[in-house]
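One structure below.
The values are calculated or read from the model by the stated rules, or taken from the named source; none is laboratory data. This structure is a prediction, so every number in the text was calculated from the model and none was measured. Backbone-built Cβ (ideal geometry, glycine too); neighbour counts: all protein chains shown. These accessible areas exclude ligands, DNA and RNA; they are computed on the full protein's heavy atoms, side chains included. Shrake-Rupley method; radii C 1.70, N 1.55, O 1.52, S 1.80 Å.
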Amino acid sequence: MLEKTDSEIELLRASALLVSQTLAEVGSMVRPGVTTCELDARAEEFIRDHGAQPGFKGYHGYPNTLCTSVNSQIVHGIPSRDTVLKDGDIISVDCGVLLNRYYGDSAYTFEVGNVSESTRCLLRVTRECLFKGIEMATQKNRIGDLSWTIQQHAESYGYSVVRELVGHGIGIHMHEKPDVPNYGRRGSGMQLRKNMVICIEPMINKGRKEVIEEKDGWTIRTKDNEPSAHFELTVAVGEQTADVLSTFSFIEDRLKLHN
Ligand code: MF3
Ligand code: CO
C-alpha cells in the first residue's frame, strides 16, 4: 500500500513544514563568506529546537544535517569548514527531518550574491520543472507523464536531466516506492493514486547529463563541470490537483525582504 491515510498525511505535512522553515532559516544565511559548515550547524540546531531530528545524519553513514552542493556539484555535497561561498556561486541545500516518526525532505538552490544571467535561467527553469511535475501529480496520470513533463521542459532550454538520481515516495522511511525519475516516456510507469506521497526533485544540468562521484564517496557533480540546479518538494497525489505539503514560501518571502 503506497497510499497514506489522511492522518499520516497530516504528520507528513508537519515534517514537510519544518523542513521548509529550516531551509528558509539556512537561506537567510547564504551570502559570500559563509561556510557550508555554518549553514549545517544552524540547520541542525533549528531542527532540534523544533523537537525533531536531522533526517540525513547517519543515513547510510551520511555525516551531516544538510547536503550542500555548490556550482557543478549536483547533490550530496558534504558541508565543510573549507567551503566558503563566494559571489556568483549557486548552492543547492537539501534537508531532511524526522518528526513524530515521519520524514520531511526538500531542497532549494540559492544564489550567492550576483549570479550570471545564464545560471539564473537554469535555476528558474529547474524550479519550473518541479512545478510542472507537481501539476501532473494527480490520479489521472502515470509516473512517466510526470517524468516526461519535467524532461521536456528542461530539454526545451538545451539543459539536460540527471539520470542517476530520482525522486521518491516518503513516509516512515525517507526513501519509499515509487521512484520518481525526471526523465521518461508519457503513459509509462505506475499509475498514480490518491494519497501517495512523493518527493519530486528535478536535478538539471546546464551542460551535459553525465555525472561523476567525487573522491569523498558522496558528492555527485557534473562531468563537464557546468553548473547544476536542484529543487525538491513533497506532495500528496490528489484527484484533480496535488496537495503540496512542503513550500518555498518561507524561503522566498525572506529572500524578498533581503533583496
Ligand atoms: N536528499 C536526498 C533525497 O532527496 C537524500 C539525501 S541522502 C543523504 O533523496 F544520505 F545524503 F543524506
Ligand atoms: Co529527496
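In this structure, is ASP145 out of contact with any helix residue (DSSP H, G or I) (no Cβ under 8 Å at 6 or more places or on another chain) and open to solvent by less than 30 Å² (accessible area, probe 1.4 Å)?
Yes: the conditions hold for ASP145.
Going through region 19-40 one residue at a time, which ones are acidic (Asp, Glu) and under 14 Å from PRO79 (Cβ atoms)?
Matches in region 19-40: GLU38, ASP40.
If you go through region 199-214 one residue at a time, how many are within 11 Å of ligand 1 (Cβ to nearest atom) and in a strand (DSSP E or B)?
Qualifying residue count, region 199-214: 3.
Which count do you get for residues in region 86-129 that are among the small types (Gly, Ala, Ser) and within 16 Å of ligand 2 (Cβ to nearest atom)?
Qualifying residue count, region 86-129: 5.
Considering only residues that are touching a Pro at 6+ places or on another chain (Cβ under 7 Å) and closer than 17 Å to ARG127 by Cα, look in region 162-197 and name the one that is surrounded by the most Cβ atoms within 10 Å (Cβ to Cβ).
Step by step, filter region 162-197, then rank; the result is ASN182.
From the list VAL237, VAL180, exactly one residue is within 15 Å of the chain's Cα centre (by Cα) and either within 13 Å of ligand 1 (Cβ to nearest atom) or farther than 28 Å from THR119 by Cα (or both). Which is it?
Result: VAL180 is the single residue among VAL237, VAL180 that is within 15 Å of the chain's Cα centre (by Cα) and either within 13 Å of ligand 1 (Cβ to nearest atom) or farther than 28 Å from THR119 by Cα (or both).
Restricting to region 95-114, count the residues that are open to solvent by less than 30 Å² (accessible area, probe 1.4 Å) and either hydrophobic (A, V, I, L, M, F, W, C) or away from ligand 1 (no atom under 16 Å from the Cβ) (or both).
Matching residues across region 95-114 total 6.
Check ARG31, ARG48 and return the single one that is without any contact (Cβ under 8 Å) to a residue 24 or more places away in the chain and surrounded by fewer than 19 Cβ atoms within 10 Å (Cβ to Cβ).
Among ARG31, ARG48, only ARG48 is without any contact (Cβ under 8 Å) to a residue 24 or more places away in the chain and surrounded by fewer than 19 Cβ atoms within 10 Å (Cβ to Cβ).
Of the conditions (1) open to solvent by 10 Å² or more (accessible area, probe 1.4 Å); (2) assigned to a helix (DSSP H, G or I), CYS129 clears all except one; give me its number.
Against the list (1) open to solvent by 10 Å² or more (accessible area, probe 1.4 Å); (2) assigned to a helix (DSSP H, G or I), CYS129 comes up short only on (1).
For region 161-171, does any single residue satisfy the condition of being in a loop (DSSP other than H, G, I, E, B), farther than 23 Å from TYR103 by Cβ and within 16 Å of ligand 1 (Cβ to nearest atom)?
yes
Being small (Gly, Ala, Ser), in a loop (DSSP other than H, G, I, E, B) and crowded, with 18+ Cβ neighbours inside 10 Å is the filter here; which residues of region 215-252 pass it?
Matches in region 215-252: ALA242, SER246.
Looking at this structure, is GLY238 in contact with a helix residue (DSSP H, G or I) (Cβ under 7 Å, 6 or more places away or on another chain) and more than 15 Å from ligand 2 (Cβ to nearest atom)?
no
For residues that are farther than 25 Å from LYS223 by Cβ and either within 12 Å of ligand 2 (Cβ to nearest atom) or part of a helix (DSSP H, G or I) (or both), tally how many sit in region 176-188.
The qualifying residues number 1.
I want to confirm something. Restricting to region 68-103 and keeping residues that are assigned to a loop (DSSP other than H, G, I, E, B) and in contact with a Phe, Trp or Tyr (Cβ under 8 Å, 6 or more places away or on another chain), which single residue is nearest to ASP40 (Cα to Cα)?
So, considering only residues that are assigned to a loop (DSSP other than H, G, I, E, B) and in contact with a Phe, Trp or Tyr (Cβ under 8 Å, 6 or more places away or on another chain), the one nearest to ASP40 (Cα to Cα) is ILE78.
Among the candidates SER69, SER20, SER15, which residue alone is over 18 Å from GLU111 (Cα atoms), open to solvent by less than 10 Å² (accessible area, probe 1.4 Å), within 15 Å of ligand 2 (Cβ to nearest atom) and polar (S, T, N, Q)?
It is SER15.
Go through region 130-149 and give me each residue that's away from ligand 2 (no atom under 16 Å from the Cβ) and under 17 Å from the mean Cα position of the chain (by Cα).
PHE131, LYS132, GLU135
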